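Just so it is clear, none of the values below were taken in a lab; they were calculated from the coordinates. Just so you know, these numbers come straight off a predicted model, no measurement behind them. Every residue, glycine as well, gets a Cβ built from its backbone with ideal geometry; the counts of neighbours run over all protein chains shown.
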Amino acid sequence: MPTQEEVMKNLETVLVPGAMRSLVKMNLVRTISVADGKINITLASAALAEGIQEWLKDTIKDATGKLDGVNEVNVSFADGKPKDLNEINNVVAVMSGKGGVGKSLVASLTAVALKRQGHEVGILDADITGPSIPKMFGITARPAGSDSGILPVTSKSGIEVMSINLLLPSEDDAVIWRGPLIGRAITQFWEEVLWGKLDYLIVDLPPGTADAPLTVMQTLPVSGVIIVFTPQDLTAMIVRKAVRMAQQMGKTVVGVVENMSYFYVPEIDKKIELFGKSRAEEMAQAAHAPLLGQLPIDPELAKLCDGGDIERYDSEVVSQMGQSLSQAMTSKEKQETR
């Protein structure tokens, strides 16, 4: 007879249609009992349509029924809500005081870097009126789900994504909403989306310090904030505004990222600072946080983003950014446990 651990390992091979992650990683397995050749498995029904539930029953019975000593497999479903099932270790918000600095780019590259390190990662696109995450990942599929919740769409490399653009009839449709509706949508993306088990949920915030960032800071258990900026002179004031908001909301700035920092010309092996002298170290000091990275202006990256292939971008700068964030989060956890 198999043990409960062996049955659980077997269930790791069963992928949830739509999400394309295992039942275990989606945290849908509630109970497993093994006795007298019989296996009883209870799953949560959150975000699972009836058709998917029936498919999962048949697939589980077929997979676990092949284990030695198993004569019967029973699969049942219990009510559950995504917010009660989600287990997310770190919620990292990516923000800036102004638009056009590349928050979505940094959020996406951060998620890609963390995924390459072996972490389970998701992206919550909280920029309701200007969503761009699906475009960069080449995601066009609509999320599956039921009355009890929504399943995020999984990218090519296995990053979970939820964005308002995935729910619109056309990606070109404008979202013309006032603050309360935007806040409600963000709350739903947190409470009604089945994220399952994640090491990191990256939240891409819209610019500024108004309704949407405020909703995220008040509603989500934000573990840390990444501040994004560019080298222009106006940056210092804008960064300080974002830092001050995070501090007033009791959130820790775990790092800063300078985007459009330079343009590298390989023919002369030189970095040209198109937007002025880098202010990376100055901004890191202003935020009292480490510098996670300085992203260059890279035509290849722009091309991949436009083509929905950001996950193919390979750069030492991005790898280092992911490693620096992991180290910053680990350092933060150690300080909190002292």
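Here are a few things to note about the model shown:
- Counting only lysines at least 8 places from Lys66 when in the same chain, those with an alpha carbon closer than 16 Å to its own are Lys9, Lys38, Lys57.
- With bins 5 Å wide beginning at 0, the percent of Cα pairs of the stretch 193-336 falling in each bin runs 2, 9, 16, 19, 21, 17, 11, 4, 2, 0.
- Nearby aspartates and glutamates by direct alpha-carbon distance to Lys197 (threshold 12 angstrom, same-chain neighbours under 8 apart not counted): Asp84, Glu87, Glu120, Glu160
- Cα centroid separation, the stretch 68-125 to the stretch 168-231 (Å): 14 Å
- With 0.36 nm allotted per residue and the present C-alpha distance subtracted, the Glu87-Ala63 stretch has 6.1 nm of extension available.
- Overall form of the stretch 152-252 per C-alpha gyration tensor (a/c, 1.5; a/b vs b/c): prolate
- Straight-distance candidates among the lysines for linking to Lys241, with alpha-carbon spacing under 26 Å and chain neighbours fewer than 8 residues away dropped: Lys98, Lys103, Lys251, Lys277, Lys332.
- 16 Å tail of the calculated P(r), the stretch 234-302, as % of Cα pairs: 53 percent
- From phi via Karplus (6.51, -1.76, 1.60), per-residue ³J(HN,Hα) for the stretch 273-290 in Hz, x at Gly/Pro: 8, 5, 9, x, 4, 4, 10, 4, 5, 4, 6, 5, 5, 5, 8, 6, 8, x
- J(HN,Hα) series, the stretch 153-169, from Karplus relation 6.51 cos²θ - 1.76 cosθ + 1.60, nearest Hz, glycine and proline x: 8, 9, 6, 4, 8, x, 8, 7, 9, 9, 8, 4, 5, 7, 9, 7, x
- Inter-label distance, nm, simple model (7 Å from Cα along the C-beta direction), Thr3/Met249: 4.4 nm
- Here the Gaussian network model covers the chain, with springs between Cα atoms less than 10 Å apart; of Val256, Val92, Val75, Val75 fluctuates the most.
- As a ratio to 2.2 N^0.38 Å, the alpha-carbon radius of gyration computed for the chain takes the value 1.08.
- GNM flexibility winner over the chain from Glu267, Glu50, Glu281 (Cα, springs under 10 Å): Glu267
- Comparing Leu167, Gln53, Leu15 along the charge dipole axis of the chain, the residue lying farthest to the positive side is Leu167, per the Cβ-charge model.
- Restraint check, Lys303/Lys334; Lys83/Lys135; Lys81/Lys303, Cα-Cα greater than 31 Å: Lys303/Lys334; Lys81/Lys303
- Antiparallel bridges, percent of DSSP beta bridges restricted to the chain (to nearest 5): 30 percent
- In this Cβ point-charge picture (+1 for Lys and Arg, -1 for Asp and Glu), the chain has a dipole of about 860 debye about its Cα centre.
- Counting only DSSP beta bridges whose two residues both lie in the stretch 4-80, roughly 50 percent are antiparallel.
- Most mobile listed residue (Asn71, Asn165, Asn27) in the chain, GNM with C-alpha springs under 10 Å: Asn71
- Percent of Cα pairs exceeding the 24 Å cut-off, where the set is the stretch 1-124: 42 percent
- At 1.306 mPa s and 10 °C, Stokes diffusion of the stretch 86-166 via Kirkwood alpha-carbon radius, µm² per second: 118 µm²/s
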